[in-house]
Amino acid sequence: MTNPVANLLFASSIFAARLCSFRAVASSSPRTFSTSIPSSSLPRSSRFKGKTFIVTGGTSGVGESIALQLAAEGASGVSVVGRNETRGNGVVSKLRDLGCEGLFIKASMDSVPDVQAVVPKHEERFGVAHGLVNSAGDTGRGWLKDQSVESWDRLFAVNARAPFILTQAATNSMIRSKIQGSVVNIITITSHGGQPYLCGYAASKGALSTFTKNAAHQLRKDRIKCNGINIGWTASAAEHKLQVEETGDEKWLEKAGEKVPFGRLVQPGDIAELACFLLSDKSGVCTGSVIDFDQMVIGGYD
Ligand SMILES: *[C@@H]1O[C@H](CO)[C@@H](O)[C@H](O)[C@H]1NC(C)=O
């Protein structure tokens, strides 16, 4: 679908579908995890026309939502980086339906050679990327008293080392090609400290938060932005799987929604809106920010 009008119609129809599915989530059915459909009350734009992006963790959840939103707003190419070929190819075909070329890059974020191959593979197909989204993450549990060194190292490899390797490669290319690009790191509200069972996870995301600021400071003279989003509790398909495994309760989402002030968890589409803003020229000179995206206020007390 390359006709822009058809694109627009298609995008507004998926927005309507998304609204319906959100109602379904909010009212009764925890089975509905439409993480993949961009949500927006804004008109579709073509602000990413002719631009290409790399999204890690793009085969599901927040990453997939960002990839599809980029496509809905005119991106010409998106590389979706992940481990699962079936899901990767599924996202590529959804990107195609939105008029955007997709490339699935199979990579494990804990493998240095895999991660190092990502940017060259994108460039071989699309040329230098205008934006990079580090959305892949390992949410492995672990307490201070018994977290293994192996799990600690894996968390840092996936959550901190991979974003470093990718940001280095992508922004070196942007600098060489004089592209004023943008990097968005998906972090977590847990990076402020976090729950006791998320010891290594919180620490690794804290590292990513500081890296975001350090990189932003270095990249500012090249007019390349680097920002982070501290996402709160998000209703993604991965979270659904984890919650059902841990609680055995298929209806956890409904109950979780009742306990939070806005009556629902964060949706992947909510994050996609902000990520796309930060990737676009609309965010102006905003760089080095790590934005808390949650309904819990850090530092607030009752
Ligand atoms: C890949 O994703 C598909 C679809 O979600 C799932 O059925 C399959 O089990 C996944 N494969 C692996 C190896 O995780």
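Of the residues 194, 284, 181, the one that moves most in a GNM of the chain with alpha-carbon contacts below 10 Å is 284. Give 51/94; 205/251; 51/178; 49/94; 178/225; 51/121 a once-over and call out the pairs whose C-alpha atoms are over 20 Å from each other. Listed pairs above 20 Å: 205/251. Here the label points at residue 46 and residue 286, each 7 Å from Cα along the C-beta direction, are separated by 2.5 nm in the simple model. The distance from the alpha carbon centre of segment 66-100 to that of segment 224-241 is 18 Å, rounded to a whole number. Across segment 49-293, the relative contact order, built from alpha-carbon pairs under 8 Å that are at least six residues apart, equals 19 percent. When +1 charges are put on Lys and Arg Cβ atoms and -1 charges on Asp and Glu Cβ atoms, the dipole computed for the chain relative to its Cα centre reaches about 880 debye.
Here, the chain is characterised by an Rg to Rh ratio of 0.95, where Rg is the alpha-carbon radius of gyration and Rh the Kirkwood radius. From its DSSP helices (H runs of at least four residues, each -39,500 (n - 2.57)), the chain gives a residue-normalised ellipticity at 222 nm of -15000 deg cm²/dmol. Here's the picture: a label point sits 7 Å out from the Cα of residue 241 along the beta-carbon direction, and within segment 77-120 the residues with their amide nitrogen under 14 Å of it are 82-88. For the residues 92, 285, 133, a GNM of the chain with alpha-carbon springs under 10 Å puts the largest fluctuation on 285. Can you list the residues of segment 264-290 with backbone N under 17 Å from a point 7 Å past the Cα of residue 220, pointing along Cα to Cβ? Flagged as within label range: 283-290. Over segment 154-302, Cα pairs under 8 Å with separation of 6+ residues give a relative contact order of 29 percent.
A short reminder: the numbers here are calculations on the coordinates, not readings from a lab. Remember, it's a predicted structure, so these values are computed and weren't measured experimentally. Counting neighbours? That spans all protein chains shown, and the Cβs are built from the backbone with ideal geometry, glycine included.
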